[in-house]
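Each value in this text was obtained by applying a stated rule to the coordinates, not by laboratory testing. Quantities reported herein were computed from a predicted structural model and do not represent experimental measurements. Using ideal geometry, Cβ is built from the backbone for each residue, glycine included, and neighbour counts are taken over all protein chains shown.
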Amino acid sequence: MGKRYYCDYCDRSFPDSADNRKKHIQGVQHQRLCKLHYDAYKEPEEILKDEMEKKPCHQFQKMGYCNFGPGCKYSHITAEEMQQLREEVQQQCLRKQGAANCEEEKEPDLDSWLVKRTMNKEIKPTNQPSVIDIEAWSLPPELASLPNLPTSLLPPNPQIFLGNVQSEWG
Ligand SMILES: [Zn+2]
Ligand SMILES: [Zn+2]
């Protein structure tokens, strides 16, 4: 019994010979596992970019398989996988940069509008919110960045006092 060659990617071994190795490394299964292995270390963003730079593989699109396997120079990604990648990229982006920088298309909500509005105003040098001043009523930024605050924590909408908005409380 000669030496055996163990392939880490495929988690299997076979009698070691130059021929066997070559055959194995060119095998579809090995190439797929090998690609999966490296993709696992790639950022979804990178994979997405890679796939978008490639043209779609006609054979793969039509037949659902391609003789070139993962080594094909055209993209084998499906619309579903593409969508999945996009979601992953978006989620990573959210984790990395926080919601504010990532969701550019998001409508500004009332909270961020109020915070921005307050930041644009001259901030009075007082830490005592005892004086009732509609302009000064806003959330501290750490709270304002939290979604779904309980109503009791939200600052009153100044518009209510101007009679433009119906109060939703009570
Ligand atoms: Zn292998
Ligand atoms: Zn192909």
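Between Glu142 and Arg95, the modelled label-to-label distance comes to 2.4 nm, taking each label 7 Å out from Cα in the direction of the beta carbon.
Backbone amide hydrogens, once placed in the peptide plane, bring Tyr5 within less than 5 Å of Phe14, Asp16, excluding anything fewer than 5 places away on its chain.
What is the extension gain from Ser112 to Asp39, computed as 0.36 nm multiplied by their sequence separation minus the C-alpha to C-alpha distance, in nm to one decimal? Don't skip to the end; give the middle numbers.
Numbers: separation 73, 0.36 × 73 = 26.28 nm, distance 3.76 nm.
Going from the current span to full extension adds 22.5 nm.
Between Lys23 and Asp8, the contour length at 0.36 nm per residue exceeds the alpha carbon distance by 3.8 nm.
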